[in-house]
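The values are calculated or read from the model by the stated rules, or taken from the named source; none is laboratory data. Note that the coordinates shown come from a computational prediction; the quantities given were computed from them, not determined experimentally. For neighbour counting, all protein chains shown are included, and Cβ atoms are generated from backbone atoms with ideal geometry for every residue, glycine included.
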Amino acid sequence: MFNRGMTDADNQGIDYCFPNNNSSCIKEIKPRVEYFVLYIFISFASVFTVFLNLLVIISISHFKQLHTPTNLLILSLAVADLIVGLIVIPLMGIRYIETCWFFGETFCSLFPFILYTVVSASLGNLVFISIDRYIAVKDPMQYSTKVTTKKAVFCIIINWLCSSIYSVIMLYDAIFYSDHQSICYGDCIVTVKFEYVITDLIVSLLVPCSVIISLYGKIFCVAKYQARLINSVKNVSRSEKKAAKTLGIVITVYLLCWIPYYIVSLVPGFDSNESAIMNVMCWIMYMNSCMNPLIYALFYQWFRISAKHILSLKIFEPSSQYLSLFPEVHDQ
């Protein structure tokens, strides 16, 4: 991955990842302008993703009115996105720009585990969100008894635990029994067997996406049916349907960002980390982590209000956690 080199046109020299190490990989030389632009982009993407998801996490954690099962699932999704912005984007950005791995052999093995876990947990969160919205729209009067905060916390714990176990299973051979020997110092390659790629495609994309699409199909059928009914449930259903629509947009954007990556990874010749197309697909996938808070800002009034209070430091005022974020019931 990192053992490619390019001659510097100015001094006809060769740069190494670790100049003081005789077994160092050769570092690819890029124009200074390209270095500058790429580092600006990576830094902005990382800071922007971390900042926006921190707003979501602080909002839901601080304000009592947001302590609902649905928002706890959104909080879990924001934590996964935060990890992408804090760890995945910076490290993948540096690896892409420098064509070297500067973070040691141990973290070379640990990093894919973090990436797989975050990806699996994100999709698991979306599945639980879909189930939550389906129950809320189908049976709003019984929702509070069927879906509780404790049940949501339990689902979140199970989701992250299963995601971690799944990542260990998928990467166990690649990490502990890999036949690959580093070609040079500064090289980091974790190879996953093709059958595992197929398994991951089924487990991490096809099955959960089928569940999500099926549930949202039922949600909109129920919403359409309820729209024809004139009864006391109508006002409640309106709020739940708006939430379902907003989270449906989150899920749609997620799928649009991730499906191309899985398609390209199955095409021979494009599945390599050296492929320009694969790199583009990966970055589209990573940038999804900063899109969810933007969607909340567009469609959720509570997020805009809470963000203003956080940025103005009003959350440090006494009893700020009891602030009303829903001035009007129908705007929820």
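In the range 78-88, is there at least one residue being over 30 Å from residue 149 (Cβ atoms) and in a helix (DSSP H, G or I)? No.
Within this structure, residue 134 passes the test of being touching a helix residue (DSSP H, G or I) at 6+ places or on another chain (Cβ under 7 Å) and either within 16 Å of residue 292 (Cβ to Cβ) or surrounded by 16 or more Cβ atoms within 10 Å (Cβ to Cβ) (or both).
On the basis of being more than 15 Å from the chain's Cα centre (by Cα), closer than 20 Å to residue 205 by Cβ, assigned to a helix (DSSP H, G or I) and touching a residue at least 60 places away in the same chain (Cβ under 8 Å), does residue 58 make the cut? Steps first, please.
Values: more than 15 Å from the chain's Cα centre (by Cα): yes; closer than 20 Å to residue 205 by Cβ: no; assigned to a helix (DSSP H, G or I): yes; touching a residue at least 60 places away in the same chain (Cβ under 8 Å): yes.
Taking the combined requirement at face value, the residue does not satisfy it.
With respect to being at pLDDT 90 or above and of a type outside the set (Lys, Arg), residue 136 falls outside the description. Within the range 6-34, residues that are closer than 11 Å to residue 185 by Cβ and modelled with pLDDT of 80 or more sit with their Cβ atoms under 8 Å from residues that are surrounded by 12 or more Cβ atoms within 10 Å (Cβ to Cβ) and of a type in the set (Lys, Arg), at 6+ positions apart or across chains, in these pairs: 16/27; 17/27.
Applying a threshold of 6 Å to beta carbon distances and a minimum spacing of six or more residues, or different chains, the list of pairs starting in the range 294-323 at a residue that is farther than 15 Å from residue 66 by Cβ and ending at one that is assigned to a helix (DSSP H, G or I) and of a type in the set (A, V, I, L, M) reads 295/249; 295/250. When the range 134-174 is filtered for residues that are polar (S, T, N, Q), touching a residue at least 60 places away in the same chain (Cβ under 8 Å) and over 26 Å from residue 114 (Cα atoms), the ones remaining, listed by number, are 148, 149.
If you check 239, 214, 204, which single one turns out to be modelled with pLDDT under 65 and either part of a helix (DSSP H, G or I) or surrounded by 15 or more Cβ atoms within 10 Å (Cβ to Cβ) (or both)?
Values: 214 fails: modelled with pLDDT under 65; 204 fails: modelled with pLDDT under 65.
On inspection, the qualifying residue turns out to be 239.
Hey, among the residues in the range 115-174 that are of a type in the set (Phe, Trp, Tyr) and within 19 Å of the chain's Cα centre (by Cα), which one's nearest to residue 213 (Cα to Cα)? Spell out the reasoning first.
Quick first cut of the range 115-174, residues of a type in the set (Phe, Trp, Tyr) only: 116, 128, 134, 143, 154, 160, 166, 172.
Now drop any that are not within 19 Å of the chain's Cα centre (by Cα), which leaves 116, 128, 160, 166.
On the way: 116: 22, 128: 13, 160: 22, 166: 23 Å.
Looking at residues that are of a type in the set (Phe, Trp, Tyr) and within 19 Å of the chain's Cα centre (by Cα), I get 128.
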